[in-house]
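Encoded as structure tokens, the structure appears first; notes follow it.
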Amino acid sequence: MMIAVYRWFENWVYPFREPAGLRPPVSVRGFLWHYVGQAKVAFFAMLVIGGIAPLVEAGLFYFVGRLVDILDQLPGERSWDALWTAAGPELVFMAAVVLVLRTIVVGLAALVDEQTITPGFYNLVRWQAHRHVSRQSYDFFQNDFAGRIATKVWQAGQATGDLMQSFIEVVWFMVVYTVTTLVLVAGLDLRLAVLVVIWITAFGWLARRYLPAIRKHAEQTAEAGSMITGRIVDSYSNVQTLKLFSADGDDRYIRSGFDIYLDALRPFTRRLTGVRMALTTLSGIMITAIACFAVYLWVEGSITVGAVAFTLSLVLRLNMLLGRLMMQLNGILRNLGVLENSKALISQPLGLTDAPDAKELVVTGGRIDVKNVEFHYGKGFGVLNGIDLVVRPGEKVGLVGPSGAGKTTLANLILRLYDLEAGKINIDGQDVSKVTQNSLRANIGVVSQDT
């Protein structure tokens, strides 16, 4: 039974779907919606369930206050019969909410979170980011660390999923819970609600003061983290070169990367410590003020003992949630920094694309004509200047020259790993820039020097 339920939720978001356009928009909002829009029903369900959960939780504290009042005001002798007579149906309702409704809400939230969003949505972002980046030009990968590119592609899925989950599970939960708390305490005494509003306002001021700087430091830390990961991965990928030409224990290159990362991380963690201390001071002041005022109202006979217990329970839970919210806001901004860092790479347009009217390459004989080709890697001089070459069908031709003469470059140009800066290359009379890249490379066999 549960296996079938798990599978239904796991199949809700298919991670390997491919939209018409794989390239996400450049803006953060557009980038998020490009992926979230493909799982919008699941996120809407998460939003609805996330709105019901805080109502149920606030109701539990109301039940605590009601139970205290019921017990305190129980007429006659203390017995189950007397308790049932005084408040039997109400107690049954409380038990039903705790045992049934709360279990259903928490269960549905867990299913959507763990079975749908985590395996489906996170990997949908990663897969589509990989599919777009893998189609980038050869030059794109030559100009960056492979490890750094891989880290950013993987982090994009993690940051996007974490950002949406944090917003719905914490921020949205907190908004609904806070509004519910205000309504409930205002029903006891409007002045209690005013104190809660002052608390929330002060919290908002702290958030506005600290969070923009935290976001800036988060982005810098994410970039530094990608850099050091790229250095480590590429060092391991070229371990033979390191063994041959670097003394054992000479890790200056990696160490300098760690220094850069730590220089970015320390200001970030200092901000986090500052905001935690400020938040603790604020909560201590407000809990004491609300507790004192609740006791004052009880002394004046305005509220019951149960109302005092209910108010303090709500306030203590609010304190915990505000602390969690601030940390989650830090997490949201950290994920936003990672997202912006990854987005800058993933959302780049393809550097080398097929011509709009590109056709499949049709090889009839295999003649290659290189006509007045120039290529300088964008520097304006050097490498290949006015190269002409004809390779007839069946011929075996060797290109000989010193390192850097352009032998590999010419082979790469025939494969159209780069676009020519001047000239033309034809295969059986077909311009390689006018045929599809897939059909061109499918018709050419290559054994690279690293094979």
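The values are calculated or read from the model by the stated rules, or taken from the named source; none is laboratory data. Computed from a predicted structure; not experimentally measured. Note that each Cβ is placed from the backbone with ideal geometry, even for glycine, and that neighbours are counted across all protein chains shown.
Observations, loosely collected:
Every residue, every condition in (1) outside any helix (DSSP H, G or I); (2) among the aromatic types (Phe, Trp, Tyr); (3) loosely packed, with under 12 Cβ neighbours inside 10 Å, yes or no:
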| site | (1), (2), (3) |
| --- | --- |
| Val5 | no, no, no |
| Trp12 | yes, yes, no |
| Gly21 | yes, no, yes |
| Pro24 | yes, no, no |
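- Number of residues in the stretch 390-415 that are in contact with a strand residue (DSSP E or B) (Cβ under 8 Å, 6 or more places away or on another chain) and buried (at least 16 other Cβ atoms within 10 Å of the Cβ) equals 5.
- Some residue of the stretch 370-385 being modelled with pLDDT under 90, exposed (fewer than 10 other Cβ atoms within 10 Å of the Cβ) and of a type in the set (Val, Ile, Thr): no
- Of everything listed in (1) touching a residue at least 12 places away in the same chain (Cβ under 8 Å); (2) surrounded by 14 or more Cβ atoms within 10 Å (Cβ to Cβ); (3) more than 15 Å from Ala358 (Cβ to Cβ), the single unmet condition for Gln430 is (3).
- Some residue of the stretch 99-106 being surrounded by 16 or more Cβ atoms within 10 Å (Cβ to Cβ) and either closer than 20 Å to Lys40 by Cα or at pLDDT below 90 (or both): yes
- Residue that is under 26 Å from Ala42 (Cα atoms), in the same structural domain as Leu322 (by TED's automatic domain parsing), at pLDDT 85 or above and touching a Leu at 6+ places or on another chain (Cβ under 9 Å), where the choices are Val170, Val153: Val153
Conditions (1) in contact (Cβ under 8 Å) with a residue 24 or more places away in the chain; (2) assigned by TED's automatic domain parsing to the domain that holds Gln142; (3) farther than 21 Å from Phe141 by Cα; (4) touching a Gly at 6+ places or on another chain (Cβ under 9 Å), marked per residue:
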| site | (1), (2), (3), (4) |
| --- | --- |
| Asp357 | yes, no, yes, no |
| Phe375 | yes, no, no, yes |
| Leu384 | yes, no, yes, yes |
| Leu389 | no, no, yes, no |
| Arg392 | yes, no, yes, yes |
| Val400 | no, no, yes, no |
| Leu415 | yes, no, no, no |
| Leu420 | yes, no, no, no |
| Ser448 | no, no, no, no |
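- Only one of the numbered conditions (1) within 22 Å of Arg266 (Cα to Cα); (2) crowded, with 18+ Cβ neighbours inside 10 Å is not met by Lys216, and that is (2).
- The stretch 273-305, residues that are within 24 Å of the chain's Cα centre (by Cα) and either within 30 Å of Phe63 (Cα to Cα) or buried (at least 16 other Cβ atoms within 10 Å of the Cβ) (or both): Val275
- Counting residues in the stretch 313-321 that are under 27 Å from Ala53 (Cβ atoms), loosely packed, with under 14 Cβ neighbours inside 10 Å, under 36 Å from the mean Cα position of the chain (by Cα) and in the same structural domain as Asp72 (by TED's automatic domain parsing) gives one or more.
- Only one entry of Ala42, Ala82, Ala86 meets the criterion of being hydrophobic (A, V, I, L, M, F, W, C), without any contact (Cβ under 8 Å) to a residue 24 or more places away in the chain and touching a helix residue (DSSP H, G or I) at 6+ places or on another chain (Cβ under 7 Å), and that entry is Ala86.
- One residue from Arg102, Arg78 being more than 28 Å from Leu345 (Cβ to Cβ), part of a helix (DSSP H, G or I) and basic (Lys, Arg): Arg102
Residues checked against (1) of a type in the set (Lys, Arg); (2) surrounded by fewer than 19 Cβ atoms within 10 Å (Cβ to Cβ); (3) in contact with an Asp or Glu (Cβ under 9 Å, 6 or more places away or on another chain); (4) within 15 Å of Leu318 (Cβ to Cβ):
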{"site": "Leu124", "(1), (2), (3), (4)": "no, no, no, no"}
{"site": "Ala129", "(1), (2), (3), (4)": "no, no, no, no"}
{"site": "Ala150", "(1), (2), (3), (4)": "no, yes, no, no"}
{"site": "Ala156", "(1), (2), (3), (4)": "no, no, no, no"}
{"site": "Gln165", "(1), (2), (3), (4)": "no, no, yes, no"}
{"site": "Val176", "(1), (2), (3), (4)": "no, yes, no, yes"}
{"site": "Val196", "(1), (2), (3), (4)": "no, no, no, yes"}
{"site": "Ile200", "(1), (2), (3), (4)": "no, yes, no, yes"}
